[in-house]
Structures are given as C-alpha cells and as structure tokens.
Amino acid sequence: MDIYWLTCLLLLCVVEVFNKPTYKNERVHFDPELSRDPHEDNQSHQYDHEAFLGKEEATTFDQLTPEESKERLGKIVDRIDGDKDGYVTTDELKSWINRVQKRYIYENVAKVWTDYDLNKDNKISWDEYKKATYGYYLANPEEFQDATDQFSFKKMLPRDERRFKTADLDGDTAASREEFTAFLHPEEFDHMKDIVVLETLEDIDKNGDGHVDEDEYIADMFAHEVEGPEPDWVKTEREQFADFRDTNKDGKMDKEEIRHWILPQDYDHALAEARHLVYESDLNKDQLLTKEEVLENWNMFVGSQATNYGEDLTKNHDEL
C-alpha cells in the first residue's frame, strides 16, 4: 500500500511539473520599496534610515555614538552635494538614494572590473570587453561548428556592441565605471531603457514584424511540450495580454506597449523620499538643504545609531 501511494505521489509531481512553465524569463523590472518598514515618522524613522543608507547599513547603527554618527553624516552630505555649492537639492538626494539602494549592482561591477580592464587604465574599452568575452570564439571559429552556438555568438556580439555604444555617453569607446555599470545593468538607467525595450522585442518577435503578438508573448514564458489544454495560468496570461498589455487593441504590442509592460511607471519611491526628507529638514523653506539643516534633523537621516560608513568612508567611492 505504501508503494502504491508513493507511486501516486510521484505521478502527481510529474503532472504538476508539466503544468508549470518550462521557460519563464523575468522581464518585468519593478522599482523595489526602499524599506519594508512602515513610513511612520511619528513612531519611528526606520524607513527613512533604510532609504537613506540601505538596509544592511541601517542594521549597524548602534556601533557609533550620536556624536560619531553626526560626524559621519556630515561627510555623507559632502558627497551628496555633487556640484559642491553648499546645498543639497531634491535631485541630488534622489540620486543618492537611488545609488544606495542599488549598491549591490556597483559592488558586482567592482568584482568583475579587473576581468575586463585588461590594460589597467581604469576604463574598459569595447576592444577589451570583446577580447575578454568573445576572444576565444573569434580566434577559434572552427570549434563552434554547432549552428546554434554560431547563431548565438553572431547575434550577441553586435548586440553587445550596440548596447556598449549606448552606455558610452561621452563617445570615447571606453567605459568608465558608471558607463560599464549601465552596460551590464541597463534596466537601472534611464538613458538605457530604449535598449532594454529593443532587446526584449528582438528576443520575443519571432516572425520579425517589429511587434509582439499574443502567441509570441505566451511562447516567451511557456513551451507547450505535452498534449492537452493549456494550464490555467497561461489562460490568465492571455487575458492579461488582451486586457492590459495590448493597450490599443490591435492584437500586438509595439515598443511603447512593451515599455509599459517591462518598465512599469508605478511610483518613484526615491523621489518621494527625497522630497519628504527635504520638506522635514528645510528650516528656511527654500527647498534646499544645507549641511547644518541636515545635522539639525540628523535623527531622521541616521538616528542615534551608527552607520557602516566608518569603514566605507576610508574606501575609494568611485564604484558607489
């Protein structure tokens, strides 16, 4: 009897596997919440602390005294003031919050930087990237006789070059750390989002008509490898396509509709938090913050705990 029920359980597992997508690409990029804590200034500034410093840094606040914390905060304000005019604007504060929240991206780029900066000039040229990534293929094309492999390399090389040129804002064919970060993580940078949309279209548009129809949309996330009806979740996705993706109801998605799908403009958390911090700390109501105004309201930014900037401030911040 035990063997019978074990067999039934295994068969149910097999059925369950075949009712789930065999290929699901997470294409939609949402801006994450700045903190999981509620934004309740009358009870706690934990949301503000995590937004301003990042969650990991916020957990180490109790390592410093209030005096040490304010000293570190003053140094942070100097870094936020990008144009060094003595004032922190809402835009500068928003940029800081965005960078802090995406610190992991810059850390990942720092880890691979030396793999591509072959001549150690603190820039990565397109030739360096091509050599490091495609060098073996370009030098030994005879070893890539498989049609699929050849197609992949021939497709990805010009695609990477196009993305590299878009990230290279100053057009010198060499990427700074910021430009290389945009190249590797284009969904995080406004000037790269057209590339994200175009690459998504090229991935899904199998008939090459410049649009994504319903079947192409479904095929990108589900391969129907067994006979029988489509799973319920696929039927739901078809309804989603008709009701929300195809906004002009012509049966297919154009670039703008793809943009709304993969890069939804939901809510700018960083801008909202920057405005909140300025409003709460701007004593003379000129919509600008001086270092003195920030330090006067220091407990909203960093509280009486410490940050991990004691170590961080001694490092080179080019990657942050």
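The values are calculated or read from the model by the stated rules, or taken from the named source; none is laboratory data. Because the structure is a prediction, the values reported are computed rather than measured. Don't worry about glycine lacking a Cβ; one is built from the backbone with ideal geometry, like all the others, and counts go over all protein chains shown. Only protein heavy atoms, including side chains, enter the accessible area calculation; ligands, DNA and RNA are left aside. Shrake-Rupley method; radii C 1.70, N 1.55, O 1.52, S 1.80 Å.
What's the FRET efficiency of E280 with T236 using the Cβ-Cβ distance as r and R₀ = 41 Å, to the nearest 0.05? Each step should come with its number before you reach the end.
Numbers: r = 43 Å, r/R0 = 1.04.
The computed FRET efficiency comes out at 0.45.
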- [ ] Give the accessible area for H29 in Å² (nearest 10); use a 1.4 Å probe, count only protein heavy atoms, and leave out ligands, DNA and RNA.
- [x] 60 Å²
Open item on the list: Skipping prolines and chain starts, which residues have an amide H placed within reach, meaning under 5 Å, of the one on L263, given they are 5 or more residues away or on another chain?
Closed with: H29
Task: GluC sites (Glu not before Pro) restricted to region 217-307 and DSSP loop, no more than 14 other C-beta within 10 Å - done: E225, E227
Task: Per-residue HN-Hα couplings for region 140-146 [Karplus 6.51, -1.76, 1.60; θ = phi - 60°; Hz; x = Gly/Pro] - done: 9, x, 5, 7, 10, 7, 4
TODO: Just subtract the alpha-carbon distance of K84 and K249 from 0.36 nm times their residue separation and send over the number in nm, one decimal.
DONE: 54.4 nm
- [ ] Grab the Cα-Cα distance for Q145 and D172, subtract it from 0.36 nm times how many residues apart they are, and report the gain in nm with one decimal.
- [x] 6.2 nm
TODO: Could you look at region 59-167 and say what percent of its accessible area is carbon and sulfur, using a 1.4 Å probe and all protein chains?
DONE: 50 percent
